[in-house]
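For reference, the structure discussed in these notes is given below.
The values are calculated or read from the model by the stated rules, or taken from the named source; none is laboratory data. Only a predicted model underlies this, so the values are computations on that prediction, with no experimental measurement involved. Cβ: placed from backbone, ideal geometry, glycine included. Neighbour counts: every protein chain shown. Note: accessible area is taken over every heavy atom of the protein model, side chains too, but ligands, DNA and RNA are not part of it. Shrake-Rupley method; radii C 1.70, N 1.55, O 1.52, S 1.80 Å.
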Amino acid sequence: MINIYNMIKKSIYALLFVLFFCTFFFLNISTAHAQNVVVVIDPGHGGDNLGGQTEEYIEQELTLEVARYMKERLEQYEGVDVYLTHDTLMDKDISREDRIKIAVGYNADFVFSLHFNMSENHDLFGAEVWTSAFGECYARGQEFARIEMEGLHGELGFFDRGIKTRLGKDGDDYYGMILYGRKNNIPTVIIEHCHMDEVRDNTFLKENDNPYKTFGYIEKKVIL
């Protein structure tokens, strides 16, 4: 159960994140006075692509839960429009390119792709954020990622695995969401909230009343 101290602490984080994103987006979007900030949330995986699986968790179910809470919270505020790339457990997965096409259709200013991690030997733990390695998408992604990690590491206590970029053999961004986002001039980040197969991380999932709501509300702090 969250105590009063943690509630106050969360409120302080919320204020800091609100100030950051109001400043960040409204200085960088020339039409800010005429348009809302548009955020697209991508619950990772779908259809036959379940993502990571343990005896207790299926990744595509967790990402959708977090995305719904993130959207729910954001919709309580003015000045931001928020959409999901999908809002159900789908029969068929959506390709990375098509997920970004959905974001393009909404004129997205930022895309958040939500994930949970696993490792081959089930011995890795912690949170990490992936961004583009190039240009403005790198700059905006890194700025977001630093604040996101303050929440995941500083507030929730997950080990900080870092803010990362990865290049493919062709020298371009490796991850499809980030690559297609950058090609469409939409900063896109991949958030790996924690490792659902490692006890130091999944204890948080088991012992909190609603860990997915906690994750979703952390994300909203970074957007406004």
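What to note about this one:
- Relative contact order (percent, whole number), segment 56-178, Cα cutoff 8 Å, 6+ residue spacing: 24 percent
- Using a Förster distance of 22 Å, the FRET efficiency for residue 199-residue 164 (Cβ separation, nearest 0.05): 0.40
- Probe 1.4 Å - accessible area at residue 85, Å² to nearest ten: 10 Å²
- Accessible area in square angstrom per residue, segment 90-171, 1.4 angstrom probe: 50 Å²
- Modelled FRET efficiency - R0 22 Å, residue 77 with residue 156, Cβ distances, 0.05 increments: 0.50
- A crude spin-label estimate for the pair residue 210 and residue 146, with each label 7 Å from Cα along the Cβ direction, gives 3.2 nm.
- The spacing between segment 152-224 and segment 112-149, judged by their C-alpha centroids, is 5 Å.
- The 3J(HN,Hα) values that the Karplus relation (6.51, -1.76, 1.60; θ = phi - 60°) gives for segment 63-80 are, in residue order, 5, 5, 4, 4, 4, 5, 5, 4, 5, 4, 5, 4, 6, 7, 10, 7, x, 9 Hz. Gly and Pro appear as x.
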